[in-house]
Amino acid sequence: MKTQVAIIGAGPSGLLLGQLLHNAGIDNVIIERQSPDYVLGRIRAGVLEQGMVELLRQAGVGQRMDREGLVHGGFELALDGRQVHIDLHTLTGGKTVMVYGQTEVTRDLMAARREAGAQTIYQAGDVVPHGMKSAETFVTFEKDGQAWRLDCDYIAGCDGFHGVARQSIPADCLKVFERVYPFGWLGILADTPPVHEELVYARHERGFALCSMRSATRTRYYLQVPTSDHVDNWSDQRFWDELKLRLPQDLANKLITGPSIEKSIAPLRSFVVEPMQYGRLFLVGDAAHIVPPTGAKGLNLAASDVSTLFNILLKVYREDRLDLLEKYSEICLRRVWKAERFSWWMTSMLHRFDDQDAFDQRIVESELEYFIGSEAGRKTIAENYVGLPYETIE
Ligand code: APR
Ligand code: PHB
């Protein structure tokens, strides 16, 4: 088999890159370890920055998002019972975010790829990239008991944090930056109406809580829990009771509860690998970086990597701009680190850290007070939350 760009992984990164390349007439094949149903079964993020919304429209997959997605012009901070509104729209000169689940983004991208007739090989085993530093670049894999070789010009490693792409780069060529937080998020999905029309990020002495949603009838709520905790310890009743304790009284009174349809604990981690490329292999999205979810940046960073790689490849194939290839990592990392900083900051401000002493806690409280009490501070929060601009590729 032969293609121009071999893409490993059919998550949002791989599918979006594949769609943009296909629309531009650049041939690509996606190789994915799991089945489509498995990929769609993962409940992940739900807030899209304007840059990602525009990229999805550019890829021709924005119709259902524009019909069903919820445009949010602000969010709420609940700080030990007090509510502070962050008016994204006003603070950023008209920008908003779109609440539309990653599962739905993935579903739309899968449908578009099927319609386009572009090739995705699902349930591929033992995927290995080869020859990244040579002119003979290829990916080998196994499908239905048979060994395959896919020759290509470039490989996009869109295979997430646990994927093979990053692991196939010699360790001494990579620098890893990492922080693991001593807590996770226990999330539930329920068919109940949202407690508030906007997202609510709650800081409380019992720990962080987040009220999010997927639609007017489906909600997603999270609680900070110790890393050592287990979902089996959390009946639906215990979850709702704890959530009410962490919310301001009037929201707790309004909260409509119901049976959970999904419940899981996700660890919180900050992770960046530098550089995000090795010869003809480019790392995209979670394969190169992880953020704690507090700033809603994971999926959006994947989209900005995709945009960068797509625009570089477009110029490589159309204008022979091979010089741009070596710029991929530095362009991505400038934006990645800013989002890492914001995600770390939101996490640090809103969670309870058991190792903080009384002084540390007062410093955090006063930092929050300072940011929300000043227009410049609120603007800083807002411009990061709606998403920093994408760099133009020239
Ligand atoms: N071979 C082939 N496919 C693989 C391999 C492998 N060795 N390892 C992983 N994959 C597949 C996974 O099954 C998954 O479908 O790669 C895909 C990676 O998808 P994601 O983990 O969703 O990563 P990405 O596409 O970069 O999505 C951005 O940012 O913060 C997050 O929630 C957000 O998951 C989202 C991510
Ligand atoms: C979600 O809806 O899953 C969600 C929303 C905002 C976040 C993180 C997760 O910051």
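The values are calculated or read from the model by the stated rules, or taken from the named source; none is laboratory data. Everything numeric in this text was worked out from a predicted model, so none of it was measured. Ideal geometry is used to build each Cβ from the backbone, glycine not excepted, and the neighbour counts take in all protein chains shown. Only protein heavy atoms, including side chains, enter the accessible area calculation; ligands, DNA and RNA are left aside. Shrake-Rupley method; radii C 1.70, N 1.55, O 1.52, S 1.80 Å.
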(request) Give me the accessible area per residue for the range 167-244, probe 1.4 Å, as a whole number in Å². (result) 46 Å²
(message) Can you give me the % of accessible surface on the range 322-393 that is carbon or sulfur? Probe 1.4 Å, all protein chains present, nothing else counted.
(response) 55 percent
(request) Please work out the Cα center distance from the range 113-157 to the range 2-33, rounded to the nearest Å. (result) 10 Å
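Report the number of Lys pairs in the range 190-322 whose alpha-carbons are under 23 Å apart, with separation of 8 or more residues or on distinct chains.
Close lysine pairs under the 23 Å cut-off: 4.
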(request) Quick one: P(r) of the range 117-188 from all Cα-Cα pairs, 5 Å bins, percents rounded to integers, in order of increasing distance. (result) 3, 11, 18, 22, 16, 10, 9, 8, 4, 0
(message) Restricted to Cα positions, what overall size does the chain have along the principal axes? Three whole-Å values, descending.
(response) 62, 41, 40
(request) Compute the accessible area per residue over the range 293-388, keeping the other protein chains in place, probe 1.4 Å, unit Å². (result) 44 Å²
(message) Check which residues have an amide H placed less than 5 Å from Ser264's amide H, if you skip close sequence neighbours.
(response) Gly187
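Within 13 Å, Cβ to Cβ, of Trp234, how many net charges do the neighbouring residues add up to if Lys/Arg are +1 and Asp/Glu are -1?
Values: positive: Arg238, Lys263; negative: Asp229, Asp232, Asp236, Asp241, Glu242, Glu262.
Neighbourhood net charge equals -4.
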(request) Calculate the length of the line joining the C-alpha centroid of the range 83-112 to that of the range 199-225, in whole Å. (result) 16 Å
(request) Write out the GluC sites (Glu not before Pro) in the range 44-126 meeting two conditions: DSSP loop, and at most 15 other Cβ atoms within 10 Å of their Cβ. (result) none
(message) Taking the Cα of Arg149, stepping 7 Å toward and past its beta carbon, and measuring to each backbone N in the range 103-130: which are under 13 Å?
(response) 130
(request) Determine the sum of side-chain charges near Val29: Lys and Arg each +1, Asp and Glu each -1, restricted to other residues whose C-beta is under 13 angstrom from that of Val29. (result) 0
(message) Suppose every Lys and Arg Cβ carries +1 and every Asp and Glu Cβ carries -1, with no other charges. What dipole size does the chain come out with about its Cα centre, to the nearest 20 debye?
(response) 400 debye
(request) With a 1.4 Å probe and every protein chain kept in, tell me what percent of the accessible surface of the range 1-160 is carbon plus sulfur. (result) 46 percent
(request) Any chance you could give the angle, 0 to 90 degrees and rounded to 10, that helix 12-23 forms with the longest Cα principal axis of the chain? (result) 50 degrees
(message) Could you work out what % of the accessible surface of the range 248-316 is carbon and sulfur, using a 1.4 angstrom probe and leaving DNA, RNA and ligands out of the count?
(response) 51 percent
(request) Kindly express, to the nearest 10 degrees and within the range 0 to 90, the angle between helix 102-116's C-alpha long axis and the longest C-alpha principal axis of the chain. (result) 30 degrees
(message) Between 0 and 90 degrees, rounded to the nearest ten: what's the tilt of helix 358-373 against the longest Cα principal axis of the chain?
(response) 80 degrees
(message) Give me, ordered by chain and number, the residues 5 or more places off Ile121 or on other chains with an amide H under 5 Å from its own placed amide H.
(response) Ile30, Ile31, Glu32
